[in-house]
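The values are calculated or read from the model by the stated rules, or taken from the named source; none is laboratory data. For clarity, every value in this text was computed on a predicted model and none was experimentally measured. In this analysis, Cβ positions are derived from the backbone assuming ideal geometry, glycine residues included, and neighbour counts consider all displayed protein chains. Heavy atoms of the whole protein, side chains included, go into the accessibility calculation; ligands, DNA and RNA do not. Shrake-Rupley method; radii C 1.70, N 1.55, O 1.52, S 1.80 Å.
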Amino acid sequence: MPEPRETAVYTHGHHESVLRSHTWRTAANSAAYLVPSLRPHMKILDVGCGPGTITADLAELVPDGHVTGVDREPEILERARATAAGRGLANVDFAVADVHALDHPDDTFCVVHAHQVLQHVGDPVGALREMRRVLKPGGLVAVRDADYEAMTWFPASEGLDDWLDLYRRVARANGGEPDAGRRLKTWALRAGFTDVTATSGTWTFATPEERSWWSGLWADRTLASAYADRARQGGHASEAELRAVADAWRQWGECEDGWFSVLHGEILCRKDA
C-alpha cells in the first residue's frame, strides 16, 4: 500500500454550523455533473463522505451496486451510518480512510467520487493518483470543489471582503488550497489522466430563507467552529475581527436584494481501459 499520509489540517471541523451545510448537500445539488454517468450495478467509493447525505443518494442511484463512504474522522462516520440506516439502505458501508493511502486494491471501483475534498488535502495530485489507482479501467473519478476567490455577492460588503481574505489565509496556513475549483483540471492531468472533462456548477442563495440560512451558518462558523479556533490561534484574526465578520454576514443576510453565488469546478476523469 502507498506510504503517503494526509498532512493538511481540515479547516472547518465538524461544528454544528458546518454540519448544517454538509447535511444539506445531495446528489442533485452537489453531484449533478456525475449522475447521468451512473448505472444501477456500479461500485462507488465516496471519499470524504462526511455525514453521508450524498453517499446515501449515490446508493439509491445504484440499487444493484454498492457504495463505500470513507472519511478521516470516525465520529462523522457514525452520523453517516445513521443517515444510511434511516433511509433503509443495505448497499452502503463506511470506513475510516486517508485519500492519500486508500485501503483498497487496484482496479476496485467503477466510480471514485469526492465533493469538497481536494481543497483540504496536502497533496491533491497525489490524492488523485491514489483515487485513480483504485479505479477500474474505463471507470470515472468525479471531483467537485469550490473556488473561494471566484465567489461573488451583492450588495458589496467590506465585511465579507474581510471574510474572504481571512478564510483564504487560514485555509492556506492549514495546508489546503481554497481556490481549488480552477485547479482541478491541471491537477488531474498531472495525476496522469488523459481523458478529463472539466465543467462548473454553482450554488446560489438569494431568497430570504436561503440568505438567512447561508449567512447564519457562516456567522456561527466564524465564531464557534474549528475554523474560528484556527483563525485565532494562528494569529490571523482577533476576537473583535471575527465578531465584525460575523456581524457582516448577518447584515448581508438581511438585505432584501442580497445574492450570493458559489462557483465550483468539476471534473470527470476516465481511466484508460
Considering only protein heavy atoms and a 1.4 Å probe, what is the carbon-and-sulfur percentage of the accessible area of the chain? 49 percent
Each label point is 7 Å from the Cα along the Cα-to-Cβ direction; what then is the distance between the points at Ala95 and Glu75, in nm? 2.4 nm
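Taking Cα pairs under 8 Å and at least six residues apart, what relative contact order does the range 1-75 come out at, in percent? Intermediate values should be presented prior to the final figure.
Details: 76 pairs, mean separation 21.9, N = 75.
Normalised by residue count, the contact order of the range 1-75 is 29 percent.
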Can you compute the label reach from Glu149? Point 7 Å from Cα along the Cβ direction, backbone N cut-off under 16 Å, restricted to the range 182-207. 182-187
For Asp257, tell me the accessible area in Å² from a 1.4 Å probe, rounded to the nearest 10. 90 Å²
Accessible area per residue in Å² at 1.4 Å probe, computed on the range 16-271: 40 Å²
Apply 1/(1 + (r/R0)^6) to the Cβ-Cβ distance of Arg87 and Thr108, taking R0 = 35 Å, and write down the FRET efficiency to the nearest 0.05. 0.90
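Projected area of the range 16-271, taken from the Cα convex hull and averaged over every viewing direction, in nm²?
12.9 nm²
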Relative to the first principal axis of the alpha-carbon coordinates of the chain, what is the inclination of helix 208-224, with its axis defined by its Cα atoms, in degrees from 0 to 90 and to the nearest 10? 90 degrees
How far is helix 74-86 tilted, in degrees, relative to the longest principal axis of the Cα atoms in the chain, given as a value from 0 to 90 rounded to the nearest 10? 70 degrees
What number, in percent, do you get for the relative contact order of the chain if the mean sequence gap of Cα pairs under 8 Å and at least 6 apart is divided by its residue count? 23 percent
How much accessible area does Cys49 have with a 1.4 Å probe, in Å² rounded to the nearest 10? 20 Å²
Roughly how many whole Å is it from the C-alpha centroid of the range 5-66 to that of the range 153-221? 17 Å
Checked the range 107-214 against the a/c 1.5 cut and the a/b vs b/c comparison, axes a ≥ b ≥ c from its Cα gyration tensor; verdict prolate
Using the per-residue mean of other Cβ atoms lying within 10 Å as a proxy for protection, in what order, highest first, do the peptides 29-38, 232-241, 117-126 fall? 117-126, 29-38, 232-241
Remind me, relative contact order of the range 119-273 in percent, using alpha carbon pairs under 8 angstrom and six or more residues apart? 44 percent
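Would you work out if the range 184-273 is rounded, prolate or oblate? Take a ≥ b ≥ c from the square roots of the eigenvalues of the alpha-carbon gyration tensor; rounded if a/c is under 1.5, else prolate when a/b is larger than b/c, oblate otherwise.
Oblate, since a/c reaches 1.5 and b/c is not below a/b.
For the pair Ser37 and Asp247, what calculated FRET efficiency results from E = 1/(1 + (r/R0)^6), where r is the Cβ-Cβ distance and R0 = 35 Å, to the nearest 0.05? If you can, show how the numbers build up before the last one.
Details: r = 44 Å, r/R0 = 1.24.
The computed FRET efficiency comes out at 0.20.
Taking every DSSP beta bridge with both residues inside the range 16-271, roughly what % is antiparallel (nearest 5)?
Details: 23 of 43 bridges.
In the range 16-271, DSSP labels about 55 percent of beta bridges as antiparallel.
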